[in-house]
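S.K.: Below: one structure in structure tokens.
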Amino acid sequence: MNTESKVSERYAEGAKEVQPDLCCPVNYDDALLEKLPREIIDKDYGCGDPSHYVMNGDTVLDLGSGGGKICYMAAQLVGEQGQVIGVDMTDEMLALARKYQNEMAEKTGGNRVSFLKGLIQDLALDIEAREQFLADNPQASEAALACFEKKQKSQSPLIEDGIVDIVVSNCVLNLVSDQDRHHMITEIFRVLKPGGRVAISDIVSDLEVPPHLKEDAQLWSGCISGAYQESRFLEVFREAGFENVMIDKRDEEPWQVVEGIEFRSVTVVADKPGGTGRRCCQAFD
């Protein structure tokens, strides 16, 4: 199964028509939703609200930003000195998010949000730059493309090292293929400042998901069969070097049960060592 293409196809459809089965019930802050266009609210597919953890002055990176809902909520929290960066791989979702940029800049008192085309498992790779290279060099070999990508990531990474205060994500990490997950977590660590934080809402399972379910494209793109096993989700952040890793919010009732396996929403927070030690959970204190 080509994970990226299956996920992108499904979320492209989600940008065109509302897909109710792609999201869990979530209570978002009504005050932050008031300024958002109805289309963005309706076509958002999440399982938590990591915007709770955003602070004034933050540089925020939203992984798999979709139609921009969390980005535009965060833009109201970061203040004049903050900024919000959304990264997504699906053209239709990027078009939906960018469609309202000017309107939201007026409503929030400043243009603090940008949307970039990229892969959350490779935050250095600029997908639009790669597409332009291929358009300019239609006969380019695989070796030439690999050389371009290596140079681009080294000289002008999509997201530079150590520039982000907090990485947030809403029901997206589970969509990344198993072989790319280690690099995805190390990329999150790379782009964070010392003392930076993560607040990741995602679907986890109580048991390991068996291979035959992982091979089901509909279940994978539906945020089910790609779920991390709950305790393993914490371990991957610790293994990457994060500290203070914990589940800050956990739904007791499962969102779905498939073949006896419970799938539920959790929000994981963690810190990159160094800095002032400002913790994610202080947003709830």
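What follows is calculated from the coordinates using simple rules that are stated; it is not laboratory data. It should be emphasised that the depicted structure is a prediction, and the values quoted were computed from it without experimental measurement. Every residue, glycine as well, gets a Cβ built from its backbone with ideal geometry; the counts of neighbours run over all protein chains shown.
S.K.: Note down the magnitude of the dipole of the chain about its Cα centre, charges +1 on Lys and Arg C-beta and -1 on Asp and Glu C-beta and zero elsewhere, to the nearest 20 debye.
M.R.: 760
S.K.: Can you give the convex hull volume of the alpha carbon atoms of the chain per residue, in Å³?
M.R.: About 134 Å³ per residue, rounded to a whole number.
S.K.: Taking only DSSP H segments of four or more residues, each worth -39500 (n - 2.57), what value at 222 nm results for the chain once the sum is divided by all its residues, to the nearest 500 deg cm²/dmol?
M.R.: -9500 deg cm²/dmol
S.K.: Here is the link list: Lys43/Lys107; Lys99/Lys272; Lys35/Lys272; Lys43/Lys193; Lys117/Lys151; Lys193/Lys249. Which ones come out longer than 26 Å on Cα distance?
M.R.: Lys99/Lys272; Lys35/Lys272; Lys43/Lys193
S.K.: Would you work out which of Phe189, Cys171, His212 lies farthest towards the positive end of the dipole of the range 163-214? Charges go on Cβ: Lys and Arg +1, Asp and Glu -1.
M.R.: Working it through, the farthest residue towards the positive pole turns out to be Phe189.
S.K.: Further, regarding this structure: Based on the alpha-carbon gyration tensor of the range 170-213 and its eigenvalue square roots a ≥ b ≥ c, which shape applies: rounded if a/c is under 1.5, prolate if not and a/b is larger than b/c, or oblate?
M.R.: prolate
S.K.: Now for a different question. Under the 0.36 nm per residue contour assumption, what length would be gained going from the current alpha-carbon distance of Lys153 and Met246 to full extension?
M.R.: 30.3 nm
S.K.: Want the number for Val258 to Arg232: 0.36 nm per residue separation, take away the alpha-carbon distance, what's left?
M.R.: Values: separation 26, 0.36 × 26 = 9.36 nm, distance 1.91 nm.
Stretched out fully, the Val258 to Arg232 stretch lengthens by 7.4 nm.
S.K.: Write down the percent of antiparallel bridges among all DSSP beta bridges whose residues are both part of the chain, to the nearest 5.
M.R.: Restricted to the chain, the bridges split so that about 45 percent are antiparallel.
S.K.: Compute the distribution of all C-alpha to C-alpha distances in the range 14-173, in bins of 10 Å from 0, and list the percent of pairs in each, rounded to whole numbers.
M.R.: Per 10 Å bin, starting at 0, the Cα pair percentages come out as 11, 38, 32, 15, 4, 0.
S.K.: How large is ³J(HN,Hα) for each residue in the range 261-271, as worked out from phi by the Karplus curve 6.51 cos²θ - 1.76 cosθ + 1.60 (θ = phi - 60°), to whole Hz, x for Gly and Pro?
M.R.: 8, 8, 10, 9, 8, 9, 10, 9, 10, 6, 10
S.K.: Ok, one more. Let me check I've understood the local charge: for Ser265, count other residues with C-beta under 9 angstrom from its C-beta, Lys and Arg +1, Asp and Glu -1. What total comes out?
M.R.: Once all neighbours under 9 Å are counted, the net charge is +1.
S.K.: How far apart, in nm, are two points set 7 Å out from the Cα along the Cα-to-Cβ line at Lys193 and at Ala140?
M.R.: Calculated label separation equals 3.4 nm.
S.K.: Okay, moving on. Gap in Å between the Cα centre of the range 186-228 and the Cα centre of the range 44-108?
M.R.: 20
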